[in-house]
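Right, one structure below, let's go through it.
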Amino acid sequence: MAKTPWIIILSVILRSSQVICQEAILHISNGATDKEYCLVYNSLWTNLSLSLSAATAYPLVNLSSRLLCSSAGVSPAIVRGKAVVVMRGGCNFSQKAEIAQDLGAAALIVASTKPMSPPGANVTEYEKVQIPLALMRYMDFLDAQNVFGEEMQVRLYAPAVPVFDASIVVMLLIGVVTVALGGYWSGACERERLRASRGGGGRGGEEKSDSGDLALYSPLKVVIFVGLMCLMLVLMYFFYKYLVYVIIAIFCLASATALFSCLDALLDLAKCSPMSVTVLGGSVSVRSVLLSAVCVTVAVVWGVYRNEDRWIWILQDLLGVAFCLNFLKTISLSNFKICVILLSLLLLYDVFFVFITPLFMPNGESIMVQVALGPDAAGEKGNTVEVPAEPSTPYEKLPVVMRVPRFSAWTQNLCGMQFSILGYGDIIVPGLLVAYCSRFDVWVNSPKKIYLFCCCIAYLCGMVLTFAVMLVTKMGQPALLYLVPFTLLGSALLAWRRGEMRQFWNGTTYEVLDSTREPLLPDGTPDSGSGGGKC
């Protein structure tokens with residue numbers, strides 16, 4: 001039962017994506033006043049000018065009382081050479097566009113009361129439509145009518161978005177630093193545990209940690225663990241609107257606990273006194289009480305304002321980093337064999353639920369993406385992003401990703417904030433192997449923490465390749481496809497090169513004692529390199 005919260009959370013954090021937006025700007029003017037609004041378009045279908053000066057100006061015709069699913073009642077003389085605004089619904093976008101084009105319209109703008117994602121069609125329909133097609137919020141069109149009346153000149157343009165955004169570097173740093181610190185902390189805890197039990201003859205690979213942490217030490221347990229994750233993901237898919245609040249509540253509790261653990265360890269390193277006082281005959285740590293209050297407050301603030309995109313991402317990333325660090329310290333893999341089995345199964349899990357499930361799902365969407373982004377975030381799935389029709393109406397999202405605003409997003413104030421995203425799973429899953437490498441460094445007393453360093457470098461290379469492929473393909477990438485092979489092969493090659501593959505594979509200190517290298521804490525002598533915070 002103790003593993004259940006970890007299974008629930010880990011089962012929904014194994015999807016990362018980088019969002020490539022397809023948004024543009026509608027510039028409206030009446031000669032005296034200018035104002036701009038958000039547009040959503042399909043760049044495969046519509047070519048827009050890259051700057052306002054290069055965009056063609058069109059008079060705007062208001063046909064928002066019509067769906068334009070037929071040309072009946074619309075005079076070509078009214079719309080010829082002009083931009084036309086019609087309402088969404090009744091028929092597909094390509095049909096509306098073909099009718100507008102046949103009537104002589106120069107551009108079609110579809111006003112939407114629903115969340116907007118880039119309009120799609122098949123290739124043959126793309127070829128039939130030659131006029132620009134874009135969606136705008138109906139509430140924005142009403143605002144434009146209030147500002148400009150019926151006399152409006154419009155220009156549609158889409159400023160070029162830089163291929164590389166600095167937010168990617170920030171995301172890379174978050175991932176690498178979190179994995180490295182989590183691995184180091186796990187190794188420090190293992191050193192403390194071995195020191196406490198140095199007279200007990202080592203640590204069998206099939207024992208649980210004395211500190212109350214959880215260890216996966218059996219292939220069967222790993223298979224059951226992944227099976228439970230699959231079950232949780234399927235339940236989340238069918239009962240999302242109910243279980244999302246359960247996950248949010250669990251995340252608040254787990255992240256507050258994790259933040260307390262991290263801050264408490266930092267204060268221990270700083271030699272900060274616990275400032276104990278006697279209350280009702282018992283000793284109470286003032287430091288712990290204050291830390292608990294701070295951590296609970298941070299988690300509650302996030303829970304209350306979790307949909308405030310402008311600033312809440314800072315708290316979500318802070319809690320996410322703390323959660324990942326505490327996860328890597330708490331959950332341990334006993335040997336490299338378990339690492340290979342778990343990471344390989346999770347890679348297959350990710351690939352199946354992302355790439356295979358769309359083949360037999362009725363809506364053609366993957367279970368993983370729908371759960372990770374929420375059923376109301378249809379436009380974020382794949383390589384597109386959704387713009388809500390009502391910016392003030394949020395939808396619930398699972399707290400399973402690190403989010404950093406794109407620094408170069410020119411439509412931030414028009415279409416809503418755009419984020420680079422990294423899933424917690426792409427930190428935790430390879431991070432479990434990094435943590436094992438760090439503990440193996442302790443077991444063999446390896447110089448300069450060579451296994452930890454090598455696995456972190458492999459993780460960095462995998463992340464760089466992930467981002468590189470994303471930038472080239474302009475599509476979000478399942479990072480585990482790159483991170484799992486890099487970290488597994490990198491650590492295995494190091495163990496083979498150092499002649500420690502048998503010990504590394506079995507992962508027990510009994511095997512390590514056969515090594516020609518002096519083991520940790522021989523004859524009960526404390527290791528002078530002890531470090532790390534409270535475990």
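The values are calculated or read from the model by the stated rules, or taken from the named source; none is laboratory data. Since this is a predicted model, take the numbers as computed values, not measurements. Note: ideal-geometry Cβ built from the backbone for every residue, glycine included; neighbour counts use all protein chains shown.
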Per-region count, the range 52-67, residues closer than 28 Å to Ser167 by Cα and out of contact with any strand residue (DSSP E or B) (no Cβ under 6 Å at 6 or more places or on another chain): 0
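Residue check: is Ala458 farther than 28 Å from Val161 by Cα and not polar (S, T, N, Q)?
yes
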Yes/no for Val179 being among the aliphatic types (A, V, I, L, M), touching a helix residue (DSSP H, G or I) at 6+ places or on another chain (Cβ under 7 Å) and modelled with pLDDT under 90: no
Condition check for Leu133: touching a helix residue (DSSP H, G or I) at 6+ places or on another chain (Cβ under 9 Å), in the same structural domain as Trp45 (by TED's automatic domain parsing) and over 30 Å from Leu465 (Cα atoms): yes
Selection count, the range 24-59, where residues are touching a Cys at 6+ places or on another chain (Cβ under 7 Å) and among the small types (Gly, Ala, Ser): 0
Single residue of Ala458, Ala435 found to be of a type in the set (Gly, Ala, Ser), closer than 20 Å to Met171 by Cβ and more than 20 Å from the chain's Cα centre (by Cα): Ala458
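Mind checking which residues of the range 74-94 are over 40 Å from the mean Cα position of the chain (by Cα) and part of a loop (DSSP other than H, G, I, E, B)?
Listed by number, the residues that qualify are Val74, Ser75, Arg80, Gly81, Lys82.
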Tally of residues being buried (at least 19 other Cβ atoms within 10 Å of the Cβ) and either free of Cβ contacts under 8 Å to residues at least 24 places away in the same chain or outside the structural domain of Gly187 (by TED's automatic domain parsing) (or both) across the range 343-360: 1
Residue pairs meeting the criteria (Cβ under 7 Å; at least 6 apart or on separate chains; first in the same structural domain as Leu483 (by TED's automatic domain parsing), in the range 173-192; second of a type in the set (Phe, Trp, Tyr)): Val176/Tyr459; Val179/Tyr459
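Here are Ser71, Ser43, Ser29: which of them is more than 32 Å from the chain's Cα centre (by Cα) and at pLDDT below 85?
Step by step, each of Ser71, Ser43, Ser29 is checked, and only Ser71 is more than 32 Å from the chain's Cα centre (by Cα) and at pLDDT below 85.
Do any strands (runs of 3 or more DSSP E) entirely within the range 251-342 hold 3 or more residues that are free of Cβ contacts under 8 Å to residues at least 12 places away in the same chain and either touching a helix residue (DSSP H, G or I) at 6+ places or on another chain (Cβ under 6 Å) or among the aliphatic types (A, V, I, L, M) (or both), and if so, which?
It comes to none.
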Test: residue in the range 149-166 that is modelled with pLDDT of 85 or more and in a helix (DSSP H, G or I): no
Failed item in (1) β-branched (Val, Ile, Thr); (2) surrounded by fewer than 21 Cβ atoms within 10 Å (Cβ to Cβ); (3) over 35 Å from the mean Cα position of the chain (by Cα), with Thr113 passing the rest: (3)
In the range 273-321, the residues that are exposed (fewer than 12 other Cβ atoms within 10 Å of the Cβ) and under 19 Å from the mean Cα position of the chain (by Cα): Arg310, Trp311
